[in-house]
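**Student:** This is the structure I want to talk about, given as structure tokens.
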Amino acid sequence: MSQIHLLPDLLVSQIAAGEVVERPASAVKELLENSLDAGSRDIRLDLEEGGIKLIRLSDDGNGIAEDDLKLALTRHATSKIASLDDLERVASLGFRGEALASIASVARMTLTSRVAQAAHAWKAGALDGKLHTPEPAALARGTVVEVRDLFFNTPARRKFLKSPPTEFAHCDEALRRVALAHPECAFTLAHNGRISKRLTVADWQARALDILGEDFAAAARTLDEAAGPLRLYGLAGLPAYSRSGRDAQYLFVNGRFVRDKLLSHAVREAYRDVLHHERHPAYVLFLELPPEGVDVNVHPAKTEVRFRDGRGVHQFVLHVLERALGAGREKGVEMGAGFSTPPFSKGGPGGISEPLRESDATNPPPAPLWQRGAPARSAAYSPYAGRAPAGHSAQEPAPYYQMVAEALADTSAIRNPKSEIEYPQSRIADAPPLGYALAQLSGIYILAENAHGLIVVDMHAAHERILYERIKTAFDARAVASQPLLIPVVFAATGLEMATAEEAGPALAEMGFEIAPVSPTHLALRALPAMLKDADGERLAREVLKDIHKFGLSGAMNARRNELLATLACHGAVRANRKLSVPEMNALLRDMEGTLRADQCNHGRPTWFQLTLSDLDKLFMRGQ
Ligand code: ADP
Ligand code: MG
């Protein structure tokens, strides 16, 4: 007797359901998509016990005619495509003709529907995937789909369901995803008879606000750019709004929520310079392209896509996002706006004091240090010349500026102050944007005074930022200066470290490192980037080898390069509890003013904020 036999239809559907219907939320997603495909403008979703007991979806769409009711539950029966050609340019959310059949095979389902021209609605129940004969029913318009007792006939799957509140949360999330991409439709969600969400028709921005909250919108940049057939629009959360989880990441391709490696990679890249790798950005991004440019038939749940021109899409998304995240921040400290959150002003993010921004507008910030070439004993370094103390012309910098310029000529200035100088109080009105250092607090913060009040700087974070930008620039110019060590740092290395060091020799050299084996078990660090000469050599060497191993050689030098440079910067930056003198602190402040994106460290944390005099006045209730 033959061992191989055809599976019964029901079992085939149940197998397919394994991919399409994982939990109530996946059924919810499919039903919502069907309603949108039917042109609905008002959708109501009623759930009981997290959707396990009941999912009822009511829409005002085109409806299903009596004859089609039977077919709707048949596998591979769809009204949306008819040919391969259609499949290649599919514009509807559904097209596989699988969802209703799958759901009906693992739950008790009824369909009630009415098309506009019909005299009344038709209703049909289905059990074990078979539809009963439709009967006349009452319904004004559209379709009502009821799904009861999910997985009642597949106990093994039912066991994997979580508690009703958890399942409800997943359903809610499924609705959020669909609703974000379809602001033209109103949605109502009810759980156990109580309304839990009501979304009115809106534009995409208002919808995003409804769903993600005003906090997010206030801490996000709006973007909308097109290039050829590609368009990317949405909201990109600023680093200060980052999360420890990936809960607020919404990527849509042609109105379809997707989880796509290529796109997520592009987004991560764009955030890499401004966000710690353990933090996750929040965003809602809509990518639009002609349907033939993307294959959506990759997975039964249709959450994966494949782009015809993956590279092009990747570059486009990366650049649009980079621009959006960098916009308004190109110029030194000005970009503090949006990143500082003064605890005493109600303004929320963006609370940097207005006067500072104003004055920056009239006094353009200095070119970044590296662009000035060799700094800067001369008048060439006079970013604040216009504000130089009286008695000194712009061409002839005051001693203070000279001191700073000299200090900056040595990139490790903050470690080797040239001399002690104090700044007269009377100069505060002309102080540079980040002011003059007053003191160090708790070994962590620099307190400085400018015309508007108090500036607080996280010194490690700030120094890290400066080093990072410098290393990056030097690296781009293939001009990382290497500092040979008089006494090499020899350390016991693992087999992996030994192998990595040998393999990565040229790459290491490009970064200014020389790490070579001195025995089968020991490595010697013979040279390191001059900028990092004060770092703990052994730790630095180990970190670099670890990163190179983790990223892979070619990857390390290209895609993950900045991460690697960030590691270097982190190790090179001043540690907490290091006592800084006032000139050292001032040198750091001046460096920050000249550094691109100095307002946030490589980990996306802000590096400084301003507490204005009026903030302080409010705190002490002066003048009230
Ligand atoms: P697909 O969406 O891939 O076509 P489904 O199994 O989800 O497959 O649905 C089968 C068919 O049933 C759809 O093609 C559509 O014609 C019809 N249908 C399902 N839900 C609705 C609805 N809410 N309103 C109108 N038609 C619907
Ligand atoms: Mg469908």
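**Student:** Using protein chains only and a probe of 1.4 angstrom, how many square angstrom of residue 608 are accessible, to the nearest 10?
**Tutor:** The value for residue 608 is about 10 Å².
**Student:** Once the Cβ-Cβ distance between residue 133 and residue 447 is put in as r, and R0 is 56 Å, what FRET efficiency do you end up with, to the nearest 0.05?
**Tutor:** On the way: r = 81 Å, r/R0 = 1.45.
Using R0 = 56 Å, I get an efficiency of 0.10.
**Student:** What's the FRET efficiency of residue 19 with residue 510 using the Cβ-Cβ distance as r and R₀ = 41 Å, to the nearest 0.05? Working shown, then result.
**Tutor:** Values: r = 47 Å, r/R0 = 1.14.
So the FRET efficiency works out to roughly 0.30.
**Student:** Could you state how much accessible area residue 75 has, in square angstrom rounded to the nearest 10, with a 1.4 Å probe and all protein chains kept in place?
**Tutor:** Approximately 60 Å² for this residue.
**Student:** Hey, could you pull the Cα Rg and Dmax for the stretch 480-540, both in Å?
**Tutor:** 10.7, 30
**Student:** Leaving ligands, DNA and RNA out of it, work out the accessible area of residue 64 with a 1.4 Å probe and give it in Å² to the nearest 10.
**Tutor:** Accessible area of residue 64: about 40 Å².
**Student:** Let me ask something else about it. Could you list which residues have their amide H under 5 Å from that of residue 137, counting only those 5 or more apart in sequence or on another chain, with H placed in the peptide plane?
**Tutor:** Counting only residues 5 or more places away or on other chains, the set is 121, 122, 123.
**Student:** If you don't mind, there's one more thing I want to ask. Of all the Cα-Cα pairs you can form in the stretch 206-290, what percent are over 15 Å apart?
**Tutor:** On the way: 2047 of 3570 pairs.
Percentage above 15 Å: 57.
**Student:** For the stretch 486-549, with all protein chains present and a 1.4 Å probe, just round the carbon and sulfur fraction of the accessible area to a whole percent.
**Tutor:** 59 percent
**Student:** So, one more: Principal axes first, then extents: for the Cα atoms of the stretch 173-218, list largest minus smallest coordinate on each axis, whole Å, largest first.
**Tutor:** Result, largest extent first: 33, 22, 16 Å.
**Student:** Here's another thing I want to ask about it. Output wanted: per-residue J couplings in Hz (rounded whole) for the stretch 527-537, from phi through Karplus 6.51 cos²θ - 1.76 cosθ + 1.60, θ = phi - 60°, x for Gly and Pro.
**Tutor:** 8, 9, x, 4, 4, 10, 5, 8, 6, 6, x
**Student:** Using amide H atoms built 1.01 Å from N in the peptide plane, name the residues 5+ places from residue 608, or on other chains, whose amide H lies under 5 Å from its own.
**Tutor:** Amide H to amide H, under 5 Å and 5 or more residues apart or across chains, residue 608 pairs with 458.
**Student:** A follow-up question, please. Would you grab the residues whose amide H sits under 5 Å from the one on residue 490? Only those 5+ places off in sequence or on another chain, please, with H modelled 1.01 Å from N.
**Tutor:** Counting only residues 5 or more places away or on other chains, the set is 525.
**Student:** Let me ask something else about it. Once phi is turned into θ = phi - 60°, what whole-Hz ³J(HN,Hα) does the Karplus curve with 6.51, -1.76 and 1.60 give for every residue of the stretch 187-194, x standing for Gly and Pro?
**Tutor:** My calculation for the stretch 187-194 gives 10, 10, 10, 10, 10, 6, x, 10 Hz in order.
**Student:** To continue, here is another question. State whether the stretch 121-220 is rounded, prolate or oblate according to the following rule on the C-alpha gyration tensor (a ≥ b ≥ c being the square roots of its eigenvalues): a/c under 1.5 gives rounded; otherwise a/b larger than b/c gives prolate, and the remaining case gives oblate. Spell out each step's value before the answer.
**Tutor:** Working: a/c = 3.02, a/b = 1.50, b/c = 2.01.
The shape class here is oblate.
**Student:** Right, here's the next one. Sorted by accessible area (1.4 Å probe), largest first, how do 472, 618, 130, 80 line up? Show your work: numbers first, answer last.
**Tutor:** Numbers: 472 25, 618 110, 130 145, 80 65 Å².
Largest to smallest exposure gives the sequence 130, 618, 80, 472.
**Student:** Just by accessible area at a 1.4 angstrom probe, what is the order of 115, 274 from largest to smallest?
**Tutor:** Numbers: 115 25, 274 0 Å².
My answer, sorted largest first, is 115, 274.
**Student:** Something else about it: For a paramagnetic label modelled at 7 Å from the Cα of residue 74 toward its Cβ, which residues of the stretch 96-137 fall within the zone defined by backbone nitrogen distances under 18 Å?
**Tutor:** In the stretch 96-137, the label zone of residue 74 (backbone N under 18 Å from the point 7 Å along Cα→Cβ) covers 96-105, 111, 124-135.
**Student:** Taking each pair of different alpha-carbon atoms in the stretch 1-156 once, compute 1/r for the pair, average those values, and report the inverse of that mean as the Kirkwood hydrodynamic radius in Å to one decimal. Before the final figure, lay out each step's value.
**Tutor:** Details: mean 1/r = 0.0628 Å⁻¹.
Result for the stretch 1-156, one decimal place: 15.9 Å.
**Student:** Also, I was wondering about something else. For residue 301 and residue 538 in one chain, what is 0.36 nm times their gap in residues minus the Cα-Cα distance, to one decimal in nm? Intermediate results must be reported in sequence, preceding the final value.
**Tutor:** Values: separation 237, 0.36 × 237 = 85.32 nm, distance 4.90 nm.
Using 0.36 nm per residue and subtracting the Cα-Cα distance, I get 80.4 nm.
**Student:** Within the stretch 32-54, list the residues whose amide N lies under 18 Å from a label point set 7 Å along Cα→Cβ of residue 195.
**Tutor:** Counting backbone N atoms under 18 Å from the label point, the list is 41-48.
**Student:** Probe of 1.4 angstrom, ligands and nucleic acids ignored: what's the accessible area per residue over the stretch 180-225, in square angstrom?
**Tutor:** Working: 2240 Å² over 46 residues.
On a per-residue basis, the stretch 180-225 sits at 49 Å².
**Student:** So if R0 is 60 Å, what FRET efficiency would residue 169 and residue 1 give, r being the distance between their Cβ atoms, rounded to the nearest 0.05? Mind showing how you got there, number by number?
**Tutor:** Working: r = 50 Å, r/R0 = 0.83.
According to the calculation, E is roughly 0.75.
**Student:** For the stretch 221-231, what does the Karplus curve 6.51 cos²θ - 1.76 cosθ + 1.60, with θ = phi - 60°, yield as ³J(HN,Hα) per residue in whole Hz, taken in order and with x for Gly and Pro?
**Tutor:** Calculated HN-Hα couplings, in order: 9, 8, 9, 6, 9, 10, 8, x, x, 9, 9 Hz.
The values are calculated or read from the model by the stated rules, or taken from the named source; none is laboratory data. Not measured: the values here are computed from a predicted model. Cβ atoms come from the backbone with ideal geometry, glycine included; neighbour counts cover every protein chain shown. Just the protein is used for accessible areas: all its heavy atoms, side chains included, with ligands, DNA and RNA removed. Shrake-Rupley method; radii C 1.70, N 1.55, O 1.52, S 1.80 Å.
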